Amino acid sequence: MRSRLRRSKGTASCAALGLTAVLALAGCSASDSGVAADGTVEITLAGPNQWNAQSGTFGKPWEELIAEFEKAEPKIKIRTNVLPLADFAKTLGTQLSAGTAPELVFYQVPHQPYMVHTLDDELAEPNPYVSGNKKWADLFDPKYYGPDKGINAEGKKELLPFNVVSTGLYYNEKAFKKAGVEAPVKTFDDLITACGKLKSAGYTPLAMDSSPAGLGWTIKTISNMLLDKYYDKLNVYAPDGSKGRSATVTDKARIRAIATGDLDATRTPEVAESVKLLKQVFDTCATENWSGIAPSSASIVNVRDFSSGKAAMAWGTPFGYGGLTGVEGKVSSMPFPTITKATTPLSTDAPARFGAEAGGTSYMIPSTVKGAKYDAALKFLQWMSVPGNTQDWLNATGALPVLKGAEAPEATKSMAQGVWSEKMRTGGQPDAPKGVTVTSLYDGYLLGSKSLDKTLEDLEASWRKLAREQIKAHGWDDEPWAKG
């Protein structure tokens, strides 16, 4: 492992001064070097609890993972600081800015590149925990953490992922068997039929609540399929903002489409069709009083109805799987079904996509962390990059692996397989502007208090407001299409 010069210089400075023993102890104390009198180094990992509803722990699988690391490295102790989902970003962002952040911080935090260490040099060197490894980076699946993945605005790698993030439909195998529904449900028409069977068998087909997740994931998935025919027309910018193409339609290209009218909620027929199909899902499948149910989990929509066995399906991420141990019947997952021409002539039979990517549980080392504490933090990241070290944790939590050779848990593996794991080509219908929730864009129509025409008019007004915000925020004012 390469030793960083700034750390070596800092370690040698006290000895080089030739001070008295007392002054040397004062200047090179255990607290200053990060090493206790017995040679132990303690570091802190701080981030949000993605795995359960507890306030003080990431759960037993995580605690067992930490214990295994400390067994392998008895001179390193890891303290976990579990932060609330609602304000972890503000807390850690403030600490990074002030230079007081702990040794390992969750990656979804507002920061500038200079505030955290880059890992490019270390990733180019062997991982000391893997015999024969020549480059740490080679341990990762390049689909998720290749040269162009997990980089910051300067093209540098600053985060280290522990798993892959995606979404899908959880389903209860016992409920499906009782209702005579075969999984996976492959087409939209089959989904509607399945919902009818599940209702007849006494189940709520699809757990839903008032959170933006369930509604948002549904409309995004549906509209991405129907808007796929416009992929080539909309795809006019490269990822760096220059004219060109991208694997997925960029935000800039989407905003341009709104500004030019190439994407218009009132005139693009696939938008109206997407909204109508969304309502069909909610009318036929969703929990009847969904709008009055407060969300109780960031990982699974209406987890109470699904975990109690009342609902047969629920939108969710792999992070929620560990909390479903009490479900009666085996839990599996599947992609959202594909909308085919049999459902609507506006379909091109484009398959359902959502996307799986490194992210999920990822951590960074603040640039203020040096010496023994930096080495300890780096060792933990390297140890977490060994498939054999994390497989039990993956199995227990449902987390999807980012490493080569690691196996995806049976219950969640569909979320990172096939076309479903590919990013949405068009991105689906645009998001809401600041201060507006995605739920408020559609709930009037879904609940019967607003007509389809009025919903589309309001959508178009919302998208145009979003476009104005983004044009200003990104400095696109001088683009010819942005002047209208």
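The values are calculated or read from the model by the stated rules, or taken from the named source; none is laboratory data. Nothing here was measured: the structure is a model prediction, and the numbers come from that model. As a convention, Cβ positions derive from the backbone with ideal geometry for all residues, glycine included, and neighbour counts pool all protein chains shown. Remember, those area values only see protein heavy atoms, side chains included, never the ligands or the DNA or RNA. Shrake-Rupley method; radii C 1.70, N 1.55, O 1.52, S 1.80 Å.
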Q. Taking the condition open to solvent by 80 Å² or more (accessible area, probe 1.4 Å) and either of a type in the set (G, A, S) or modelled with pLDDT of 95 or more (or both), does D148 pass?
A. no
Q: Taking T426 as the residue in question, decide whether it is open to solvent by less than 20 Å² (accessible area, probe 1.4 Å), among the β-branched types (V, I, T) and modelled with pLDDT under 95.
A: no
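Here's a check for you: in segment 245-290, which residue that is in a loop (DSSP other than H, G, I, E, B) and in contact with a Pro (Cβ under 8 Å, 6 or more places away or on another chain) is surrounded by the fewest Cβ atoms within 10 Å (Cβ to Cβ)?
Let us first name the residues in segment 245-290 that are in a loop (DSSP other than H, G, I, E, B), namely 245-250, 261-268, 285, 287-289.
Filter once more, keeping what is in contact with a Pro (Cβ under 8 Å, 6 or more places away or on another chain): 246, 250, 263, 285.
Numbers: S246: 15, T250: 21, L263: 27, C285: 23.
That would be S246.
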Q) Of the numbered conditions (1) surrounded by fewer than 12 Cβ atoms within 10 Å (Cβ to Cβ); (2) of a type in the set (A, V, I, L, M, F, W, C); (3) in a helix (DSSP H, G or I), A137 satisfies every one except a single condition; which is it? A) (1)
Q) Is at least one residue of segment 433-442 open to solvent by 80 Å² or more (accessible area, probe 1.4 Å) and at pLDDT below 95? A) yes
Q.
Between a residue in segment 363-378 that is closer than 19 Å to H111 by Cβ and any residue that is aromatic (F, W, Y) and assigned to a helix (DSSP H, G or I), which pairs come within a Cβ distance under 9 Å, given they are 6 or more apart or on different chains?
A. Y363/F380; I365/Y374; S367/Y114
Q: Return only the number of the condition from (1) within 24 Å of the chain's Cα centre (by Cα); (2) loosely packed, with under 13 Cβ neighbours inside 10 Å; (3) at pLDDT 95 or above that F106 does not satisfy.
A: (2)
**Q.** Tally, over segment 156-182, of residues that are assigned to a loop (DSSP other than H, G, I, E, B), surrounded by fewer than 17 Cβ atoms within 10 Å (Cβ to Cβ) and on the phi < 0 side of the Ramachandran plot
**A.** 2
Q: Please find, within segment 64-88, the residue that is nearest to Q50 (Cα to Cα) out of those that are in contact with a strand residue (DSSP E or B) (Cβ under 8 Å, 6 or more places away or on another chain) and assigned to a helix (DSSP H, G or I).
A: F88
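Which of the helices (runs of 4 or more DSSP H) found entirely inside segment 302-404 contain at least 1 residues meeting this: within 26 Å of K199 (Cα to Cα)? Write out each step before concluding.
Numbers: elements: 303-307, 371-383, 387-397.
Ranges flagged: 303-307.
Residues are listed down the side, and each one gets a yes or a no for (1) open to solvent by less than 20 Å² (accessible area, probe 1.4 Å); (2) assigned to a loop (DSSP other than H, G, I, E, B); (3) at positive phi; (4) not small (G, A, S):
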| site | (1), (2), (3), (4) |
| --- | --- |
| T118 | no, yes, no, yes |
| N133 | no, yes, no, yes |
| A153 | no, yes, no, no |
| C195 | yes, no, no, yes |
Q | Test set (1) over 30 Å from Q280 (Cβ atoms); (2) over 21 Å from the mean Cα position of the chain (by Cα) - I339 fails condition number | A | (1)
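Could you tell me which of the residues I365, I300, I293, I339 is surrounded by fewer than 24 Cβ atoms within 10 Å (Cβ to Cβ) and hydrophobic (A, V, I, L, M, F, W, C)?
Numbers: I365 fails: surrounded by fewer than 24 Cβ atoms within 10 Å (Cβ to Cβ); I300 fails: surrounded by fewer than 24 Cβ atoms within 10 Å (Cβ to Cβ); I339 fails: surrounded by fewer than 24 Cβ atoms within 10 Å (Cβ to Cβ).
That would be I293, the only listed residue that is surrounded by fewer than 24 Cβ atoms within 10 Å (Cβ to Cβ) and hydrophobic (A, V, I, L, M, F, W, C).
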Q) What is the one condition in (1) assigned to a helix (DSSP H, G or I); (2) closer than 25 Å to P337 by Cα that W463 does not satisfy? A) (2)
Q: Six or more apart or on different chains, Cβ under 6 Å: which pairs go from a residue in segment 404-429 that's under 25 Å from D232 (Cα atoms) to one that's of a type in the set (S, T, Y) and at pLDDT 95 or above? Could you list them?
A: K423/T248; R425/Y231; R425/T248; T426/Y231; G428/S223; Q429/S223
